[in-house]
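Scroll down for the structure; my scribbles are underneath it.
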Amino acid sequence: MATHPYSTLNSSDASLAAAIDHLPYGIAVFDARLDLVVANAPYRAGLALPASLVTPGTPLDEILLFMAQRGDLGPGTSQVLADQRRRLITAEAITLTQRTNFTGVQLEIHTSRRPDGGLVVSFSDVTDRAKAEAALEQVNHTLEERVNDRTRALTLLNAELEQARSKADEANHEKTRFLAAASHDLLQPLNAARLYTSTLYERTRGTPAADLASSIDASLNAVEEIMSTLLDISRMDSGALKVTRTVIDILDLLKKIEIEFQPLASEKSIDLRVVGASFMVRSDRMLLARVIQNLVSNAIKYTRPGGRVLVGCRRHGGTVRLDVIDTGIGIDHHQHEVIFAEFSRLEQGARIAPGLGLGLSIVQRILTALDHPMEIESVVGKGSRFSITVPLVSAAAPAPVADEAAISRTAAQFDGLHVLCVDNERSILDAMSGLLENWGCDVRTATSLKEIAQLGMLEGWVPDLVLMDYHLDQTSGLDAIEWLKQIVGGHLPTILVTADRTPSVRQLAETRGTAVLNKPVKPAALRALLTQMSKRL
């Protein structure tokens, strides 16, 4: 009986493997030992590999030797050809090659080394493009002799190229639509996995199992950052980024940044301080917050334990300058432009923290859309200052920054807090329940409003707080919240939990008085939001 190619993977990896099967190009991921982790269907079909060579754990060397023996790598001794190909794709961080496979299809092959030593291989069919280029070259050879033929040939070729370009644009839009639609399914298993590992870590704190749980959580966090960033870039490049300018209280925004990043800074023994005044500025609240989040995240990521990160603002005439200052590794002034390029990372930064080098690329895209200038000052080995200039609307009286002691709550302060969790994925409910109960909450869970009614969950038990999934099977989470408010009556604090990161969803939730927490849920962010909301109860 044949073995399914994903049967040896865990549930999260299997879900990811199934998802990438729908991508229009072949892709395979190898670990640090250059053993296969996962390969999608176009990869297997495009290279015509037997099932035995696309199962997780298959060495790259076996795949290359098979292709060399079949003649894919050209004439010569199979083992020598396989070894040469292996050296070519592992010696450089990124390679880009073209070759014709044994069926005559022209492939463009891209390889990229991962920070952990692993390898990502992808390829796409560029046969049509190669044929068009060959046709154009042939026309150029006969230009002087056949002027009339040249005109007709170029007209025909331009039409073909325009058709190819239109197809490429449509494929890009299809990719964007797919990523937007698939984001929920891609991030859903990560959400459950991170909640489970967080619960495991807290229950085994101080034991070797806690270190293992922490390592798993770090790996899941890296996957989450990659997926979320790629989804963001896809939305921006497709023109889906919409700017909605409103009047924003900078101090309020900075307080939320402090609540979100204080746990991460404390974990790295970094002194994070947020100072400022209540300046009113005009910008897009969500997009400006995303810029500051990326800059603060980078500052913490590239600052060594014991360092400091300062976030603040000051008035400059008719503008407000937002500063993110750190005592991190610093950036040479010759490399200031380089850091904003996609997949560009400085060598020292790559040694300190993992990542793909996409965060500042997103920052630049957003600031361009907002028309907010940014300047950088940095000294290698001493730190950096990233400053953003935002239009001032009116000055407000300075307000004190929230006391750190008030921001930080211990798990004991959640004792007895009634929390209702609603999600159509039972695994996520189990993981969320375990984490909240470990914090002392009284938790009840349901997969739908129908289940709440059938089980009589609200009889003699009233929730203090509701965590509601946005994508329920029969209704939206926001509509479900309205139903609960009518049933419970009075004030009902609610948090919308969603993998949909579009500004429209967040704005709709805020107009209904509902906070938003993105999936995969970060336990530190959840704890901070619970702390903030429970103080209002």
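Multiplying the residue separation of S266 and D83 by 0.36 nm and removing their Cα-Cα distance gives an extension gain of 61.1 nm.
Sites listed here are GluC sites (Glu not before Pro) in the range 453-525 whose DSSP assignment is loop and whose Cβ has at most 10 other Cβ atoms within 10 Å: E459. When the square roots of the Cα gyration tensor eigenvalues are ordered a ≥ b ≥ c, the ratio a/c for the range 406-535 is under 1.5, which makes its shape rounded. Under the shape rule built on the C-alpha gyration tensor, where the axes satisfy a ≥ b ≥ c, the range 11-176 is prolate, since a/c reaches at least 1.5 and a/b is greater than b/c.
Exposure proxy shown here: for S384, S266, the number of other Cβ atoms within 10 Å sets the order, fewest to most, as S266, S384. With q set to 0.18, 0.20, 0.21, 0.27 Å⁻¹, the log10 of I(q)/I(0) for the range 59-109, from the Debye formula over equal scatterers at the Cα positions, is -0.57, -0.70, -0.77, -1.15. Fewest neighbouring Cβ atoms within 10 Å first, the residues S112, S361 line up as S112, S361. Shown for V147, V521, V363: other C-beta atoms within 10 Å of each C-beta, ranked fewest to most, produce the order V147, V363, V521.
Between H316 and R512, what is the FRET efficiency for a Förster distance of 41 Å, r being their Cβ-Cβ separation, to the nearest 0.05? Efficiency, from the Cβ-Cβ distance: 0.65. The charge dipole of the range 25-84, taken about the Cα centre with unit charges on the Cβ atoms of Lys, Arg (+1) and Asp, Glu (-1), comes to about 180 debye, rounded to the nearest 20. Loop-resident trypsin sites (Lys or Arg not before Pro) (DSSP state other than H, G, I, E or B) in the range 19-83 with no more than 16 further Cβ atoms inside 10 Å of their Cβ: R33.
If you take all other residues with their beta carbon under 11 Å from the beta carbon of L429, and give Lys and Arg +1 and Asp and Glu -1, the sum is -3. Across the range 11-176, the relative contact order, built from alpha-carbon pairs under 8 Å that are at least six residues apart, equals 18 percent. A straight chain from E459 to E437 at 0.36 nm per residue would run longer than the Cα-Cα distance by 5.9 nm. Taking 0.36 nm per residue of separation and subtracting the current Cα-Cα distance, fully stretching the chain between E482 and R165 would add 109.5 nm.
Here, each number is a calculation from the coordinates, and none is a lab measurement. Quick caveat: nothing in here was measured; it's all calculated off a predicted structure. Note that each Cβ is placed from the backbone with ideal geometry, even for glycine, and that neighbours are counted across all protein chains shown.
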